[in-house]
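**Student:** Can you keep this structure in mind? I'll have questions shortly.
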Amino acid sequence: MGGLRALRWDPGVRGLRALGARLKAPVSARLMGGGLARRAILAAGLSGAGALLLFGLLAVFLGAADVASGPAIEMAVPAAGLADRAAVPEPKAEEPAAEGFHVAAVVAEAYRGIARAPAAEPLPAAPVPDLIESRGALRLPRVGVDGRLPYEAYARPFDRRDDRPRLSIVIFGFGLSATASQAVLDHLPAAVTLALDAYAADPGRWLVAARAAGHEVFAALPIQAADGERIDAGPRALVPGAAVAGNLARLDQILAHCTGCVGVIALGGEGVADFEPLLPTLRVVQQRGLMFIDAARAGQRPLVPIADRIGLPHAWLDTTIDAEPSAAAIDARLRRLEEAALKTGVAVAAAGASPLAVRRLVLWSETLAARNLVLAPLSAAVAPQVVADAPQ
C-alpha cells in the first residue's frame, strides 16, 4: 500500500470529526459487513470523505444498532496520520496484518450478557513515591533506596505455595479502546494481567482503573519488524540495530507511560534475525527492578536467552488464544494451554479484548477450580516458567 496503512475505525460522530481533523489527504473507504449504513454508502457510490460524512449522518439518524451490525469501516490512511496514535479516539489494537496497523470497531452492547467479574480487592495505589526517578518531565521506575523492587511492589499477590498448574492470561491493547478496556475491567477476573498499550490515550487513568479492579499491569514494549514498511510498530517501537541511545530514549518513554507497571512485554519484531543489539535495553529493564515477558516474533522467544544471561526475571508467551477468531478455535487453544501447564507447571497466553475473546475467557475461567487448575497473574508465572524450561 506504499505510504498508507490499513485502518479499521470505530465509527461515530466524535470519531469522524477527529479523523477528519487529522487527515491531510483523501482516503479510500472499503465497507465491511452488511449494515444499512454500509449498503447506503455502496448504493450512493461514495468513497473517501463523502463516505465518512454519509456514514456519520446515517449513524446519527439510524442509531448505534445499525452501525454495530457489521464489523467496521476499513480504510487506507496516510501513515503520517497515525504518527501519534494516542490522539486517535478510542482505537483497539489488533495484531498487525500484511498491510499495517488495524483498529477494530467495538460497541458496549457487544459485551452484553457476559458475566460480571467477581468482586476483588483493589491493589495498592501506584506508583510508589520512593520507586520513582524524575528525569526532566519523565517519571521512571527505579529500585527503592531500601532495595525494594517495583515488580515486587506492583505485582498482584499470589500464594506461591499453591502447587496447582498455573495458567496466566494477558490482555493486549489495554487502554486503546475505552469501550473494550472498560469491558475487560467489568468482566474478566482480577487474576488476568493487562498490557497497557504503548499508544494508549490517558495511560495513567487506565493504570489506576486496572489496579482498582485488582489487575496488575505490564507495559507493552513494541519492537519494529524487519520489514517496517509492511508492519509498522510505530514511533515508540524499539528498532534492533538502531543506535542504542535512541532505543533507550524510546524505552524511557514507554516506562514513563506506565510508571506503576510490574514490567514490560516485548511485542513484534517479525522477521528480525538478530536481537542481540537490544541487550542494553533489557539491562536497563533489569536495573530498574522490572520483570520481562518475551512475546516477540510470534512466541519464538528470541529475547529469552538474553534475559537469562543477564539475570532478568522473565517469562514468555506460549500462545495467542484468539489468533483465529472463532469460539471453537479459542476453546481449542485454551485446552492446549492447559495441557502445557500440566506438563511444565505454568503456561502463558495472550488475547485481545474483543467481545468473543472476553466471553470465552470468562466461561473458561469459571471451570478451572473444578479441574484443579488456577488462574495466576503473569508475575506469578515468571519463576516457575524459568525453572521448568530454562535455556540449556
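The values are calculated or read from the model by the stated rules, or taken from the named source; none is laboratory data. This structure is a prediction, so every number in the text was calculated from the model and none was measured. Cβ atoms come from the backbone with ideal geometry, glycine included; neighbour counts cover every protein chain shown.
**Student:** Of a type outside the set (Asp, Glu) and in contact with a Phe, Trp or Tyr (Cβ under 8 Å, 6 or more places away or on another chain) - does that describe any residue in region 150-170? If you could, list the steps in order and put the result at the bottom.
**Tutor:** Taking region 150-170 first, the residues of a type outside the set (Asp, Glu) are 150-151, 153-158, 160-161, 164-170.
Then drop every residue that is not in contact with a Phe, Trp or Tyr (Cβ under 8 Å, 6 or more places away or on another chain), which leaves 170.
There is at least one residue in region 150-170 that is of a type outside the set (Asp, Glu) and in contact with a Phe, Trp or Tyr (Cβ under 8 Å, 6 or more places away or on another chain).
**Student:** Would you mind listing the strands (runs of 3 or more DSSP E) fully within region 124-206 where at least 2 residues are assigned by TED's automatic domain parsing to the domain that holds Ile330 and farther than 25 Å from Pro222 by Cβ?
**Tutor:** Values: elements: 132-135, 138-141, 166-174, 193-196.
In region 124-206, the matching strands (runs of 3 or more DSSP E) lie at 166-174.
**Student:** Can we say Asp202 is out of contact with any Asp or Glu (no Cβ under 6 Å at 6 or more places or on another chain), surrounded by fewer than 19 Cβ atoms within 10 Å (Cβ to Cβ) and at positive phi?
**Tutor:** So Asp202 fits the description; yes.
**Student:** Among the residues of region 295-304, are any in a strand (DSSP E or B), in the same structural domain as Arg148 (by TED's automatic domain parsing) and either in contact with a His (Cβ under 8 Å, 6 or more places away or on another chain) or within 27 Å of His187 (Cα to Cα) (or both)? Steps first, please.
**Tutor:** Our first condition is that a residue be in a strand (DSSP E or B); within region 295-304, this holds for 295-296.
Cutting the leftovers down to in the same structural domain as Arg148 (by TED's automatic domain parsing) gives us 295-296.
Checking which are either in contact with a His (Cβ under 8 Å, 6 or more places away or on another chain) or within 27 Å of His187 (Cα to Cα) (or both) leaves us with 295.
Among the residues of region 295-304, at least one is in a strand (DSSP E or B), in the same structural domain as Arg148 (by TED's automatic domain parsing) and either in contact with a His (Cβ under 8 Å, 6 or more places away or on another chain) or within 27 Å of His187 (Cα to Cα) (or both), which makes the answer yes.
**Student:** Inside region 144-168, can you point out the residues that are within 22 Å of the chain's Cα centre (by Cα) and over 17 Å from Cys261 (Cβ atoms)?
**Tutor:** Scanning region 144-168 gives Arg166, Leu167.
**Student:** Moving on. Identify, from the list Ala341, Ala328, the residue that is exposed (fewer than 15 other Cβ atoms within 10 Å of the Cβ), at pLDDT 95 or above and part of a helix (DSSP H, G or I).
**Tutor:** On the way: Ala341 fails: exposed (fewer than 15 other Cβ atoms within 10 Å of the Cβ).
Within the list Ala341, Ala328, the selection yields Ala328.
**Student:** For region 346-357, does any single residue satisfy the condition of being under 20 Å from the mean Cα position of the chain (by Cα) and over 21 Å from Val217 (Cα atoms)? Break it down into steps so the answer makes sense when it comes.
**Tutor:** Of the residues in region 346-357, the ones under 20 Å from the mean Cα position of the chain (by Cα) are 347-357.
Narrowing further to those that are over 21 Å from Val217 (Cα atoms): 356.
Checked region 346-357: at least one residue is under 20 Å from the mean Cα position of the chain (by Cα) and over 21 Å from Val217 (Cα atoms).
**Student:** Among (1) within 29 Å of Ala117 (Cβ to Cβ); (2) assigned to a loop (DSSP other than H, G, I, E, B); (3) more than 20 Å from the chain's Cα centre (by Cα); (4) modelled with pLDDT under 95, there is one condition Ala323 misses while meeting the rest; what is its number?
**Tutor:** Condition (3) is where Ala323 drops out.
**Student:** Also, quick follow-up: Output the qualifying pairs, or none if there are none: Cβ atoms under 9 angstrom, residues six or more apart or on different chains, first residue in region 349-368 and farther than 16 Å from Leu337 by Cβ, second residue in a loop (DSSP other than H, G, I, E, B) and polar (S, T, N, Q).
**Tutor:** Ala353/Ser177; Leu356/Ser326
**Student:** Related question: On the given criteria, is Phe275 at negative phi and touching a Cys at 6+ places or on another chain (Cβ under 8 Å)?
**Tutor:** Values: at negative phi: yes; touching a Cys at 6+ places or on another chain (Cβ under 8 Å): no.
For Phe275, the condition - at negative phi and touching a Cys at 6+ places or on another chain (Cβ under 8 Å) - is not met.
**Student:** Run down Gly246, Gly271 and say which single residue is surrounded by fewer than 21 Cβ atoms within 10 Å (Cβ to Cβ), outside any helix (DSSP H, G or I) and assigned by TED's automatic domain parsing to the domain that holds Asp197. Reasoning before the result, please.
**Tutor:** Working: Gly246 fails: outside any helix (DSSP H, G or I).
Result: Gly271 is the single residue among Gly246, Gly271 that is surrounded by fewer than 21 Cβ atoms within 10 Å (Cβ to Cβ), outside any helix (DSSP H, G or I) and assigned by TED's automatic domain parsing to the domain that holds Asp197.
**Student:** Those residues that are β-branched (Val, Ile, Thr) and under 22 Å from the mean Cα position of the chain (by Cα), I need them from region 285-319; list them, please.
**Tutor:** Filtering region 285-319 for residues β-branched (Val, Ile, Thr) gives 285, 293, 304, 306, 310, 319.
Listed by number, the residues that qualify are Val285, Ile293, Val304, Thr319.
**Student:** Something else now. So, in region 274-294, how many residues would count as being part of a loop (DSSP other than H, G, I, E, B) and either over 23 Å from Val208 (Cβ atoms) or at pLDDT below 95 (or both)? Walk me through how you get there before you give the answer.
**Tutor:** Of all residues in region 274-294, those part of a loop (DSSP other than H, G, I, E, B) come to 274-275, 288-290.
When the remaining residues are screened for being either over 23 Å from Val208 (Cβ atoms) or at pLDDT below 95 (or both), the result is 274-275.
Qualifying residue count for the region: 2.
**Student:** In this structure, is Glu121 surrounded by fewer than 20 Cβ atoms within 10 Å (Cβ to Cβ), charged (D, E, K, R), at pLDDT 95 or above and over 27 Å from Ala178 (Cα atoms)? Lay out the reasoning, then the answer.
**Tutor:** Numbers: surrounded by fewer than 20 Cβ atoms within 10 Å (Cβ to Cβ): yes; charged (D, E, K, R): yes; at pLDDT 95 or above: yes; over 27 Å from Ala178 (Cα atoms): no.
Criteria not met by Glu121.
**Student:** Here's a follow-up. Determine which member of the set Ala219, Ala210 is in contact with a helix residue (DSSP H, G or I) (Cβ under 7 Å, 6 or more places away or on another chain), crowded, with 21+ Cβ neighbours inside 10 Å, assigned to a helix (DSSP H, G or I) and not basic (Lys, Arg). Break it down stepwise before answering.
**Tutor:** Details: Ala219 fails: assigned to a helix (DSSP H, G or I).
Step by step, each of Ala219, Ala210 is checked, and only Ala210 is in contact with a helix residue (DSSP H, G or I) (Cβ under 7 Å, 6 or more places away or on another chain), crowded, with 21+ Cβ neighbours inside 10 Å, assigned to a helix (DSSP H, G or I) and not basic (Lys, Arg).
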